[in-house]
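The values are calculated or read from the model by the stated rules, or taken from the named source; none is laboratory data. Remember, it's a predicted structure, so these values are computed and weren't measured experimentally. When we count neighbours, we look across all protein chains shown, and the Cβ atoms used for this are built from the backbone with ideal geometry, even at glycine.
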Amino acid sequence: MKIDDRVYRHARVLVHYSTTAQSKEIFTVDGAPAAESLIVAVHEELLRSGAYPAVRMTPEACTENLFAHGHDHHLDSVSKLDLATARQVDGLIRIMAASNTRSLAGVDPAKQARLSIATRSLRQMLLKKKWVLTLHPTAAYAQDADMGLSAFEDFVYASLYADHDDPVRAWREAEKRQARLIAELKDADQIRIVGPETDLTLSVKGRTFINSCGRHNMPCGEIFTGPVENSAEGYIRYDYPVVHAGREIDGIRLVFRKGKVVEAAADKNEEFLLNMLDMDPGARRLGELGIGTHYGIQQFIKNILFDEKIGGSIHLALGQSYTETGGRNRSALHWDMIKDLRKGGSIYVDGVLLQKEGQFVRGWKKPSKSR
């Protein structure tokens, strides 16, 4: 089969930069049939690296079958095979390639919550391995983005730097830029986010900012940390709809007191929002604060893998924290929601303006410890 050169460059980034696959390591490659060209290219690159590729190409209808015909044990436990695979693999490459982004819209959210709770320990095990999540462009994603397929492919490959002769070099340069920003945020305490219908303050004291630059998400371009669990105070309205578990939730408004969501509303699918918040005690607390730094991504496309990286945006995830940040919140939920700061938004760090209308303040210096 003839494969676009950009697909091969995408595969090289996944294998040689994101996961740094080594000889005799075992990698699962998961994706739907629509991702066949990328799966084939990744399989080839893994073989070239000396790794053992294990391809698992699963039709989307299989997930629909699980919720429609699965028994209680399918939703409330994991199989011995899944556990054995998680223990034995050295890494995983997961490729999103939906033919229908709303295929799970009719599924009972309680069933989705049960499955998420049951697989939490499996996810935690896999997060300790080498892993990367990426997207292969399909007509369904292009429709969500209000773009033709060819234009959407150009958008995706530009975001991946797969239109560069040396995309690995481009990602390494981006990694250095983000490292300089993280160095400036060392010892930060109070973060205040201000914007239309938004005034939210939280603490990141003692927490670590992570340089997220294509090692686990591809494309990437963000720095993130885990807020102090009881620190969030104020309110926020998210500017973009969230697509989660096959549903679109729009007009989300949250009020925080002592770190917990005490009021929640949405213009669309509010009942689903409330069901997710009641999944477990940790679902109403923040697990992540992320700052988007990929200024090559400026268009919202209803896909969180890209949207949370928009340069000039922030995202706040409800639920599970990443332990490497020092975050302690535990939940079966990890749900990213995006606030666009490019029109009337600001970020303050310990009272000093860091970002205004999506642009970092030139010459910004971190506050002195005496502030």
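Scanning for something aliphatic (A, V, I, L, M), under 28 Å from residue 251 (Cβ atoms) and within 20 Å of the chain's Cα centre (by Cα), does the stretch 205-214 turn up at least one residue? Outline the logic, then answer.
Narrowing the stretch 205-214 to residues aliphatic (A, V, I, L, M): 210.
Checking the rest, the ones that are also under 28 Å from residue 251 (Cβ atoms) come to none.
Within the stretch 205-214 (the criterion being aliphatic (A, V, I, L, M), under 28 Å from residue 251 (Cβ atoms) and within 20 Å of the chain's Cα centre (by Cα)), the answer is no, since none of the residues qualifies.
Within the stretch 134-141, can one find any residue that is in a helix (DSSP H, G or I), under 18 Å from residue 33 (Cβ atoms) and of a type outside the set (Phe, Trp, Tyr)?
First, the residues of the stretch 134-141 that are in a helix (DSSP H, G or I): 139-141.
From what's left, under 18 Å from residue 33 (Cβ atoms): 139-141.
Among the residues that remain, those that are also of a type outside the set (Phe, Trp, Tyr) are: 139-140.
For the stretch 134-141, residues in a helix (DSSP H, G or I), under 18 Å from residue 33 (Cβ atoms) and of a type outside the set (Phe, Trp, Tyr): present.
Give me a count of the residues in the stretch 71-89 that are part of a loop (DSSP other than H, G, I, E, B) and touching a residue at least 24 places away in the same chain (Cβ under 8 Å).
Here is the first cut: in the stretch 71-89, the residues part of a loop (DSSP other than H, G, I, E, B) are 71, 77-79, 89.
After this cut, where a residue has to be touching a residue at least 24 places away in the same chain (Cβ under 8 Å) as well, the list is 77-78, 89.
Number satisfying all stated conditions: 3.
Looking at 47, 122, 92, which one is assigned by TED's automatic domain parsing to the domain that holds residue 31, outside any loop (DSSP other than H, G, I, E, B) and over 22 Å from the mean Cα position of the chain (by Cα)? Quick ask: steps written out before the conclusion?
On the way: 122 fails: over 22 Å from the mean Cα position of the chain (by Cα); 92 fails: over 22 Å from the mean Cα position of the chain (by Cα).
On inspection, the qualifying residue turns out to be 47.
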Fill in the blank from the handout: Note on the stretch 182-207: residues under 18 Å from residue 322 (Cβ atoms), outside any strand (DSSP E or B) and among the aliphatic types (A, V, I, L, M) are 182, 185, 188, 204
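For the stretch 226-234, state whether one or more residues are touching a Ser or Thr at 6+ places or on another chain (Cβ under 7 Å), assigned to a strand (DSSP E or B) and surrounded by fewer than 18 Cβ atoms within 10 Å (Cβ to Cβ). Working first, answer last.
Pass one, the stretch 226-234, residues touching a Ser or Thr at 6+ places or on another chain (Cβ under 7 Å): 226-228, 231, 233-234.
Okay, now just the ones that are also assigned to a strand (DSSP E or B), so 233-234.
Still in the list and also surrounded by fewer than 18 Cβ atoms within 10 Å (Cβ to Cβ): 233-234.
For the stretch 226-234, residues touching a Ser or Thr at 6+ places or on another chain (Cβ under 7 Å), assigned to a strand (DSSP E or B) and surrounded by fewer than 18 Cβ atoms within 10 Å (Cβ to Cβ): present.
Among 55, 89, which is surrounded by fewer than 17 Cβ atoms within 10 Å (Cβ to Cβ) and of a type in the set (Val, Ile, Thr)? Talk me through it step by step, then tell me what you get.
Working: 89 fails: surrounded by fewer than 17 Cβ atoms within 10 Å (Cβ to Cβ).
Just one listed residue meets the conditions, 55.
Does residue 105 count as buried (at least 17 other Cβ atoms within 10 Å of the Cβ) and among the aliphatic types (A, V, I, L, M)? Before you say what the answer is, go through the steps one by one.
Values: buried (at least 17 other Cβ atoms within 10 Å of the Cβ): no; among the aliphatic types (A, V, I, L, M): yes.
So residue 105 does not fit the description; no.
Out of 292, 296, 251, 226, report the one residue that is under 30 Å from residue 158 (Cα atoms), at pLDDT below 95 and in contact with a helix residue (DSSP H, G or I) (Cβ under 9 Å, 6 or more places away or on another chain). Reasoning before the result, please.
Details: 292 fails: at pLDDT below 95; 251 fails: at pLDDT below 95; 226 fails: at pLDDT below 95.
Checking each option against the conditions leaves just 296.
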Handout entry: The one condition in (1) surrounded by fewer than 22 Cβ atoms within 10 Å (Cβ to Cβ); (2) touching a residue at least 60 places away in the same chain (Cβ under 8 Å); (3) not charged (D, E, K, R) that residue 298 fails to fulfil
Key = (2)
Fill in the blank from the handout: With the first residue restricted to the stretch 344-355 and required to be in the same structural domain as residue 311 (by TED's automatic domain parsing), and the second required to be assigned to a loop (DSSP other than H, G, I, E, B) and among the aromatic types (Phe, Trp, Tyr), Cβ contacts under 6 Å at 6 or more apart or on different chains are 354/364
